[in-house]
Amino acid sequence: VQLQASGGGTVQAGDSLRLSCAVSGRSLRSYTIGWFRQGSGKARELLGTISWTLGRTYYEDSVKGRFTISRDNDKHTVYLQMNSLRSEDTAVYYCAARRNTVVVLNTAQEYGDWGQGTLVTVSS
């Protein structure tokens, strides 16, 4: 699976921003797409996931209620809508893909395919 994230930029605190992740490859119905971020000097952090076929979503508590993940299967694109952005949301954002499995640990190690990151800077 190949992924390409885009849409990053510099915004003000309180603003909204939507990131896109273009996805290509075979048998996408067997995959879940995850959004991660990595701030300067911090570990890579899972934000949430969406299953390609059913569109089922999962969110980490840190972004639940502010961030929304959606997908457009026809456009082969997954989105991360970010609202009420804070300075602590400043990070490089990544999308990644993992095969669907019975046991899910929601760790970065489960994801075998990664897009290049897109930088989001939130100024206060």
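The values are calculated or read from the model by the stated rules, or taken from the named source; none is laboratory data. If you're wondering where the values come from, they're calculated on a predicted model, not measured in any experiment. Cβ coordinates were reconstructed from backbone atoms using ideal geometry, including for glycine residues, and neighbour counts include every protein chain displayed. Remember, those area values only see protein heavy atoms, side chains included, never the ligands or the DNA or RNA. Shrake-Rupley method; radii C 1.70, N 1.55, O 1.52, S 1.80 Å.
Only a single criterion out of (1) closer than 13 Å to Y111 by Cα; (2) open to solvent by 20 Å² or more (accessible area, probe 1.4 Å); (3) touching a Leu at 6+ places or on another chain (Cβ under 6 Å); (4) not charged (D, E, K, R) is not satisfied by W35, namely (2).
If the condition is being within 12 Å of the chain's Cα centre (by Cα) and either open to solvent by 20 Å² or more (accessible area, probe 1.4 Å) or at pLDDT below 95 (or both), then region 80-97 contributes Q81, V92, Y94. Considering each residue of region 9-28 in turn, none proves to be open to solvent by 70 Å² or more (accessible area, probe 1.4 Å), within 25 Å of S124 (Cβ to Cβ) and assigned to a loop (DSSP other than H, G, I, E, B). The set of residues in region 1-60 that are over 17 Å from M82 (Cα atoms) and small (G, A, S) comprises A22, S24, G25, S27, S30, S40, G41, A43, S51, G55. The set of residues in region 98-124 that are surrounded by 14 or more Cβ atoms within 10 Å (Cβ to Cβ), over 27 Å from D15 (Cα atoms) and in contact with a helix residue (DSSP H, G or I) (Cβ under 8 Å, 6 or more places away or on another chain) contains only R98. Of the residues that make up region 42-52, is at least one of a type in the set (S, T, N, Q) and open to solvent by 60 Å² or more (accessible area, probe 1.4 Å)? No - not one qualifying residue is present in region 42-52.
Restricting L54, L85, L105 to those that are more than 18 Å from Q2 (Cβ to Cβ) and in contact (Cβ under 8 Å) with a residue 40 or more places away in the chain reduces the list to L85.
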